[in-house]
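One structure is given here, and the rest of the page talks about it.
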Amino acid sequence: MLAPLEERLSLMRSLMWDYDIPPEHCLEVLEGKREKAGHYTEATLFRKLLESYRWFTILKIIPPERILILLTEDVIRSLRFKSLSEHYDFIRKELQRTLQITR
């Protein structure tokens with residue numbers, strides 16, 4: 001379940017603490033409403049999110065249907081740690097299965 005907008009913006013602020021990029025721009029990129037936030041693309045910003053936050057925190061920021069779109073094989077392969085790649089490969093498969101069942 002998505003968190004209220006103010007909480008999602010706060011999480012984006014924390015994620016981007018070292019950049020002067022508005023948190024609203026980051027959310028818009030992750031929602032597919034904006035092409036870039038600073039130098040971050042949808043894929044690079046999502047990868048930063050995966051490498052920085054726990055799974056249940058990510059679910060507060062982005063709905064599962066959107067996560068499934070963003071969680072591509074390329075993004076999974078680009079993660080810094082093999083264990084994280086394996087974790088999100090599993091999650092991608094489970095999301096595909098779960099969302100297919102609910103449709």
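Remarks
- Flag: Met12 does not match the condition of being modelled with pLDDT under 95 and among the hydrophobic types (A, V, I, L, M, F, W, C).
- Meets criteria (surrounded by fewer than 12 Cβ atoms within 10 Å (Cβ to Cβ) and either aliphatic (A, V, I, L, M) or in contact (Cβ under 8 Å) with a residue 12 or more places away in the chain (or both)) for Trp55: yes
- Test: Leu30 is under 18 Å from Pro64 (Cβ atoms) and among the hydrophobic types (A, V, I, L, M, F, W, C): yes
- Where helices (runs of 4 or more DSSP H) fall wholly inside the chain, the ranges with 2 or more residues that are under 14 Å from the mean Cα position of the chain (by Cα) and among the polar types (S, T, N, Q) are 42-52.
- Listed conditions (1) of a type outside the set (Ser, Thr, Tyr); (2) out of contact with any strand residue (DSSP E or B) (no Cβ under 8 Å at 6 or more places or on another chain); (3) surrounded by fewer than 18 Cβ atoms within 10 Å (Cβ to Cβ); (4) over 22 Å from Gln96 (Cβ atoms) are all met by Leu27, apart from (3).
The values are calculated or read from the model by the stated rules, or taken from the named source; none is laboratory data. Because the structure is a prediction, the values reported are computed rather than measured. In this analysis, Cβ positions are derived from the backbone assuming ideal geometry, glycine residues included, and neighbour counts consider all displayed protein chains.
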